[in-house]
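All remarks here apply to the structure that follows.
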Amino acid sequence: MSIRVNIWGCRGSIACPAPTHLKYGGNTTSVEVVVGDQTILLDCGTGIRNLGQQMIKTDIEHCHMLLTHTHWDHINGFPFFAPAFDPNRKFDIMAGHMIDKGGIKNVFEAQMENPMFPIPLEAMQSKMTFTDFRAGDDLDIGETPGVKVSTALLRHPNDATGYRIDYQGKSMCLITDTEHVPGEPDENILTLIEGADLVIYDATYTEEEFPSRIGWGHSTWEEGVKLCKMAGAKRLGIFHHDPEHDDVFMDKLAEEAAREWDGSFVIQENMEFIVE
């Protein structure tokens, strides 16, 4: 009766492998959620490559891949996702922002077309389905009884989708990428995260940085704390770290956030935790 969360990538905007970014990681968004016997993958940034190497060693033959959006840092790991080349595996790929924009399959095909990539999508021999829905819909991904997936539209250029996964009375949310309006709490987010056990939230910028980056589509950890407190959420995972924020910067941010609210912590790559 728990939800297991594995963080394979938590960096925003662009991967940044560097000795100054070892503790919090340089790979872009990829989150694995295990509920019962079911595996759900949230986004396929560069972190999905390492996840794929791990999956090759397991007997997981089928999982759903839920996309927040399709900016490059959230999809450009997919061509290097080894299990997708295995004909014995199946992936159901879903997105909530492309239903009126040509569909999610078109995006995956386009990023692997010449001259962008030498191997086309059809070279991947796994069984793949592509489903478009509208952000705000509830999803039926029904393998494990009791799993509920809710979604919400987020404020981001070209749109994005927030996700909530409920299972056996526990819940986790992924809210990235999203930009807040100061003084106007986002009702879509508040509804989605109400009472959640864990909220992983886009905290790319600090409050000091935010004014010069309005329109870029991201938020702050301070806003995440406010939303979690308003919604009665239990824990805030600070996520989608700016490439300029090295380990020293993130250590200081973690201390400041913990002083502000003891329910907050900074997500690190390779972190694994149980929501129970």
Sorted by packing (mean other beta-carbon atoms within 10 Å per residue), highest first, where do 30-39, 5-14 land? 5-14, 30-39
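Between H62 and K226, what is the FRET efficiency for a Förster distance of 35 Å, r being their Cβ-Cβ separation, to the nearest 0.05?
Details: r = 39 Å, r/R0 = 1.10.
That pair, H62 with K226, gives E of 0.35.
Charges at C-beta only: +1 for Lys and Arg, -1 for Asp and Glu. How large is the resulting dipole of the chain about its Cα centre, in Debye rounded to 20?
Numbers: 22 positive and 44 negative charges, 115 e Å.
Taking the Cα centre of the chain as origin, the dipole is about 560 debye.
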Rank I119, I99, W8 by how far each Cα sits towards the positive end of the charge dipole of segment 3-275 (+1 on Lys, Arg Cβ; -1 on Asp, Glu Cβ) and give me just the farthest. I119
When the helices in the chain are scored as -39500 (n - 2.57) per DSSP H run of 4 or longer and the sum is shared across all residues, what 222 nm value do you end up with, to the nearest 500 deg cm²/dmol? -5500 deg cm²/dmol
Can you spot the lysines whose alpha carbon is less than 23 Å from K234's alpha carbon? Ignore those fewer than 8 places along the same chain. K148, K170, K226, K252
Coil-residue GluC sites (Glu not before Pro) of segment 77-137, DSSP, other Cβ within 10 Å capped at 16: E113
For K105, give me every one of the lysines with a C-alpha distance below 19 angstrom, ignoring sequence neighbours fewer than eight places off in its own chain. K90, K127
If the only charges are +1 at each Lys and Arg Cβ and -1 at each Asp and Glu Cβ, what is the size of the charge dipole of segment 79-223 around the Cα centre, to the nearest 20 debye? 660
Could you point to the label whose value was computed as P(r) over Cα pairs in 10 Å bins from 0, in percent for the structure here, given [x] 6, 24, 26, 20, 14, 8, 3, 0; [y] 7, 32, 39, 19, 4, 0; [z] 7, 28, 35, 23, 7, 0? [y]
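Since every read-out is calculated from the coordinates, none of them should be taken as a lab result. Since the structure is predicted, the reported quantities are computational estimates derived from the model, not experimental observations. As a convention, Cβ positions derive from the backbone with ideal geometry for all residues, glycine included, and neighbour counts pool all protein chains shown.
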